[in-house]
Structure formats: C-alpha cells, structure tokens
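The values are calculated or read from the model by the stated rules, or taken from the named source; none is laboratory data. All values reported here derive from a predicted model rather than from experimental measurement. Neighbour counts are summed over all protein chains in view; Cβ atoms, including those assigned to glycine, are modelled from backbone coordinates with ideal geometry. Note: areas computed on protein heavy atoms with side chains; ligands, DNA, RNA excluded. Shrake-Rupley method; radii C 1.70, N 1.55, O 1.52, S 1.80 Å.
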Amino acid sequence: MLTTHYSAWFIPLCLLVGAGYAALQYSAQAPWSPRLNYALAALRLAVVSFLCFLLLAPFVKITTTRTEAPTVVLAVDNSQSVELFTPKPVLSQATTGLARLAETLRAKGFTVETRTLTPTPGRPARLDSLRFAAPATDLDQLLAGTREAYDGRNLAGVVLVSDGLVNQGRSPVYSAFNFPIYGVAVGDTIPKKDLRLTGLTYNRVAFSGNRFPIEAELSFVGFAGGAATVELRDGNRVLDSRRVAMPAGRRRVRTAFEITAPAPGKRRYEVRVVPQAGEFTELNNARTAFIEIVKGKLRVLLAGAAPHPDLKALRAAILANDNFDLTLALPGVAPLKAPADFDVAILHQLPAQGGLGNEILAQVKARRTPALYIIGAQSDLPAYNRLGTGLTIQPRGAQTDEVTPLPNPGFARFATDEESARRFAAYPPAPVPFGDLRLGAGAEAALWQQVGRVPTQKPLLVFGGPPDARQATLLTDGSWQWRLSEAVEHDDRPEAYDRLIIRTLQLLTQNANKKRLDVYPTQDAFGTQDDVTLGAETYNAVFERLYNQKIDLTLTDAQQQVRRFSFANPEDGSPLHLGPLPAGLYRYQARATLGGQAQQDVGELVVQAQPLEALESRADHNLLAQLARRSGSRLYYPTQFDKLAQDILQANYKPVISAEEDLKDLINLKWIFFVILAFLTVEWAVRKYSGSV
C-alpha cells in the first residue's frame, strides 16, 4: 500500500510540474521525428513528476500475515528413577504412545515439540533418542523453562510424562503455569522391598583428639521385624558396625557411631547398610560424611593493664565461639600463673605507662605470639612504637577524636558484609588518639576512622608486623560501647562486633609462613553433576594480593589418571571451572612463578556420588494429578494415550493469526535511484545519438 505524508492533492501538481518541464524542453523544433520527441517528453515528464512526488515523502506500508499452529510440548521426565522403577512393558508402552500421540497431533495441524530434563543446546530433543539418564529431577525447572521458551507463542498445552518424584528445586505445585498440563503417570506406586540410608547427621568440623558422633537414619520397607547391619567405614576399613533392629509398625530407625577425630585435615567417612537378600536396589545403601578435622581449640590470652569494660565485651565475643579457649590475665588481680603457650594474645592497653604488665608483654614477645594491641588512655605509646607492629602513633598532646568504624573496601583479607557495615555506622563514637598515624611497609588498615559524618583514611584497625609474628592494632578502648549498643538494638545479638573480633583473631592465627600461592576447592564436596571449581590467591613477598598470575594445575584421580589445566586468577575472583568429574578423591598440585620465585600448593577435593534417583522408588502420582487438576486437565496413564489425543483435539485449540506492518520510505529504496538514473541516461543517449547537444 503506497501513501504519502502530505496530502495526495499535491500529486496533480507534481504531474503539472513534470508536464511543464517536458513542454519547455521539447516544444521547440527538434532534429528527430515527432514520435521520438513525444517519447522523450514523456520520459522527462515521468522523471520530473516522480522527483516532485518524492518531495511528498511517500512510503510503502507492507502488511505480513502469519498463521501459527497450536503447539503441544511433550515434556519428558528422562531421569534415572523412571527407568529404574517403571516396569519395562509400561515404559515401552509410554514411549510408543508418545510417538503415536505426536503423529496424531501433527496430522491434525498441531506443532509438536519435545523437551527433557537434560536439553542439548542448539539441538531439539527427539522421542526416538530418549535416554533415561538424568541424575536428578527438577520438574519445576522443566515446566518453568517451557513457559519461558514459549512465552508469546501459541502454546496449547504440555504433556508431562513423569513418575512425580522431585529431588531438586522446589515442587512444581507451588508454581503458577498459564497452560494446561496433561499429566501421564509412569513409575510404580507399589512399595519395593528395600533398605536405604535416608540421612546422616554430624558436625562438619571436629577437633583433633576429640570424640564426635555420626548419626544415621535407616528407612526400611518389607523388612519389618528383622535387623540390619550398619557399618562405618574409612575407605576400605570398617571402623565400627551396629546391628539395628527394625521393629514392626515403624518405617525408620536411627543409630549412632562415635569416633575419635584423627590428625587435622579433611576426612571422608562412609556409612553403609549391608545388603540383604530380596532387596530391590543397593544404590541407596550408602551415604558419605565429609568432616574437617582441625587443631584443638585456639588458646587466647586476654590481658589488660587494668579492669576495663572492653575486657568483658571481648571475653563475651570470644566465648560465643566454641573454637577458642580463653585465659584472662590482669596484673595484681588475675596474674598469669606460669609461662604458657598461646596461639594469640589480646593486649589491652599494653605496653602500659609505668611498666605495668611488662612480664606478660615479655612472654608474648619471647614466644613471638601473634597479638592484637588495643590502644587506650593507659597505653605507653613510645614503647608501643618500638614493637614494630606496622603502625606508628605520634600523639598531639592528650587530645582524642570521637570516631566510628568505617570498613576499608580495599582490605581483601576478610570481607565486611553490607549488614555489618550498616551496624558499624550506627555505633556510638569511641575515642582514638589524635595525632599522626603512619602505616609501615606491608601494613594494611581493615577499618578507617569516620569522624561524625566525615569519612577519613586514618586507620582504626591495622594489620601488620613480620610474617612470622603477625600483629594487629585497634586504636580505641571504647569498643565495649559498640557491642553494648548493638546488643540493645538487635535483640541481644551483637553479631557484627563478635564477627569482627573473631575474624581478627582468625587472621592473626593463620599459618605464619603463609603460602604465597593458595589454591582451594570452593566447597567441601561436589556432586557428580556439579561444575567443580577451584579458587586461587597469589601474593607477593610482603603478602600483598597479586592478580592475573598464570597458574598450572595438575589433577590426579585414584586411578592415577592426570588432567592438566592452565588459568589465571582474575581480579573479579572468578574460579577455575573444571566441569563435572566422576565420583572419587582427587589430588591437585598447582604451580606458579611469583616475583621470579617458583611457588606451589597441593590439596585434595572430593566428588561425591549422589544417587538421588535411587533414594525413592515409590512414584508420586498425586503430584501429577494436582498439577493437571489445577490447570483444568486430568491425569492419564500409558494405556490412555488415545483418550489423551481425543481430549486435546476436543479442546479445539485454534491457530493464531498475526499481522505485522512494515513502513518503508520510498526515497530510501536504492533501486529507485538506479531506475531514475537509467531513464535520464536513456534520454541523454537518445538525444546525443539523434544529433542534439
């Protein structure tokens, strides 16, 4: 459809202009025949009139009409449980019925597409290549993905073929779907004779030398009145076993093991039910516990020049964490009875004026114990400056500033979350010495001082000192107010203050010979379907973070098969992606050259076999019935595919007709330029050939 932006009444004027131009050009006596003269005049009339017509901004409106047939999606639960627990004839009947349903609907004008739990990017699923091998079932993701993929399209409905067992994601009954769901139930609702471990309860961290429990829950069907043997294994070695009675009238029982934690490190224990005759499957008879064995409780010395509210606040924060053992020392009140070896010391206003508490300070220095110094009114600042903590304080008289803590975003040794930062901002001001504060080489500020509403870059909490005797300094003895005010405002839960103190102690008690290359798994254990990822940190000689360093990694499995990787640690902290790996224990060795020196790190990671699909054998057809009922449909069985096809056809789904308009300005069509040029060229060539200038 051709139209113009301006009134069509201007078209006669365009023709008039063209006619006038042609008349002026060809009204005189010409050296060619009258017939040729009229032809040339008509050509000039057409060209000039069309050029004038283009001034009216003509455009072409193109209307395209499309007809979209109704689409039926065959959503197939291709998980392992469907093949494990569906009788073979029933599963064969279901796959054959799906193919027949697809043919019937296509013959009636429907578009039929297939989706599964494990889609292949760029390649649609096909019924003739179905493999029931998905290691987990997330029906909500399957249906939600269908909803997103067909948003705005003519989706008539979804035929969901499943056993109704969901072991990942949320249940689809809690989601809303805007299309009919025709459920087709497979699987078996008859309970199988089976023993299975349904869960393990244990602490993920245990102290070396301490005894800790592992509690197992055993579920049984068809074995009531008998007994089962449950074993605790460390590799191939049986550490302990229990004979567990399975009383009638119950379906689950619990049993517990208690073992002594070995040397520090990651330990893997397996709890296994010994298979019995007639058991349907042994895939769900074992579970694995991953436990981090750590050194016994960290010994903390809390020493002060004199009784102070800070000591109570610090003591409460430390004792709230079970990983610390605290000793309090006060000169003249609670003296340090005998020389003791501590993992970390908190020295409140020590060194003190008048030499108070020097015996405690001397013991800490002699043993090179990592220390947190807290500066206050009784602190001997010249003596403190001689300790080499990485901070020098030059006070200006007895003046103080009233400050609140402000996290330093550039401090990467531990992060401060947004909630903690908000709580810090609400703390009451605390006094700090007013003067010149200078950071030494390798020292970093974890907290800055904020004076009123003015943020500064004056340090408040500083980490420094030599690598073999780490030290930190908190420049206020008024932090007790922070814990008290936070406890009042947050229901006696001063989490931000306690976390700050605990993280400070943890950072001080890290291995003094800190690794300059640190490669570590991003989680305790991975599943066989997970993307295994490793994080990496690199440091220079003064333990400042380095980025974009080349790291070579060698990964070795239990069969001594070696995989090699090469990557760099970017500033955004993104990990190395190894992809899914088979179940087992892997050892890795990482190498890098940092500052011209070769560095290496070793470690282990565990990939755990998670037989999710074998944990539950009884199909849940009630879930499928709920989904169908809520969408206005009903539940079908593999013998009812003909009825399903009939119901879909009787629903009378219609094609959707859509029209799309496209506007194109005529002046933008390149071919018009060449037509006009051709007309003018022909006119000029004829005139030259016929003898005109």
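Here are the numbers for the structure shown:
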{"read-out": "Selection count, region 87-124, where residues are among the β-branched types (Val, Ile, Thr) and modelled with pLDDT under 90", "value": "2"}
{"read-out": "So Leu143, is it crowded, with 16+ Cβ neighbours inside 10 Å, touching a residue at least 60 places away in the same chain (Cβ under 8 Å) and within 25 Å of the chain's Cα centre (by Cα)", "value": "yes"}
{"read-out": "Flag if Asp601 is over 30 Å from Glu103 (Cα atoms), open to solvent by less than 20 Å² (accessible area, probe 1.4 Å), assigned to a strand (DSSP E or B) and not small (Gly, Ala, Ser)", "value": "yes"}
{"read-out": "Spans of strands (runs of 3 or more DSSP E) in region 268-380 with at least 1 residues among the small types (Gly, Ala, Ser) and within 30 Å of Asp492 (Cβ to Cβ)", "value": "298-304, 324-329, 344-348, 371-374"}
{"read-out": "Positions within region 11-46 being over 18 Å from Thr681 (Cβ atoms) and charged (D, E, K, R), in sequence order", "value": "Arg35"}
{"read-out": "Criterion violated by Gly278 - all others in (1) on the phi < 0 side of the Ramachandran plot; (2) touching a residue at least 12 places away in the same chain (Cβ under 8 Å); (3) over 33 Å from the mean Cα position of the chain (by Cα) satisfied", "value": "(1)"}
{"read-out": "Long-range neighbours under 6 Å by Cβ, at least six apart or interchain, first residue closer than 17 Å to Asp647 by Cβ within region 92-118, second of a type in the set (Phe, Trp, Tyr) and surrounded by 18 or more Cβ atoms within 10 Å (Cβ to Cβ)", "value": "Gly97/Phe641; Leu101/Phe641"}
{"read-out": "Any hit, region 406-413, residues being assigned to a loop (DSSP other than H, G, I, E, B), farther than 20 Å from Asp310 by Cβ and among the charged types (D, E, K, R)", "value": "yes"}
{"read-out": "Filtered residues of region 1-31 (kept if part of a loop (DSSP other than H, G, I, E, B) and open to solvent by less than 30 Å² (accessible area, probe 1.4 Å))", "value": "Ala30"}
{"read-out": "Top-ranked residue of region 215-245 - restricted to ones that are of a type in the set (S, T, N, Q) and assigned to a strand (DSSP E or B), ranked as surrounded by the fewest Cβ atoms within 10 Å (Cβ to Cβ)", "value": "Thr229"}
{"read-out": "Yes/no for Lys664 being open to solvent by 60 Å² or more (accessible area, probe 1.4 Å) and within 42 Å of the chain's Cα centre (by Cα)", "value": "no"}
{"read-out": "The one condition in (1) in contact with a Gly (Cβ under 9 Å, 6 or more places away or on another chain); (2) among the small types (Gly, Ala, Ser); (3) at pLDDT 90 or above that Ala541 fails to fulfil", "value": "(3)"}
{"read-out": "Meets criteria (within 25 Å of the chain's Cα centre (by Cα), more than 30 Å from Phe463 (Cα to Cα) and crowded, with 16+ Cβ neighbours inside 10 Å) for Thr538", "value": "no"}
{"read-out": "Condition met for Leu283 (out of contact with any strand residue (DSSP E or B) (no Cβ under 8 Å at 6 or more places or on another chain) and touching a residue at least 40 places away in the same chain (Cβ under 8 Å))", "value": "yes"}
{"read-out": "Selection status of Leu644, of a type in the set (A, V, I, L, M, F, W, C) and either touching a helix residue (DSSP H, G or I) at 6+ places or on another chain (Cβ under 8 Å) or within 30 Å of Val76 (Cβ to Cβ) (or both)", "value": "yes"}
{"read-out": "Positions within region 419-443 being open to solvent by 50 Å² or more (accessible area, probe 1.4 Å), within 23 Å of Leu505 (Cβ to Cβ) and at pLDDT below 90, in sequence order", "value": "Glu419"}
{"read-out": "Some residue of region 627-637 being within 42 Å of the chain's Cα centre (by Cα), in a loop (DSSP other than H, G, I, E, B) and either among the aliphatic types (A, V, I, L, M) or modelled with pLDDT under 90 (or both)", "value": "no"}
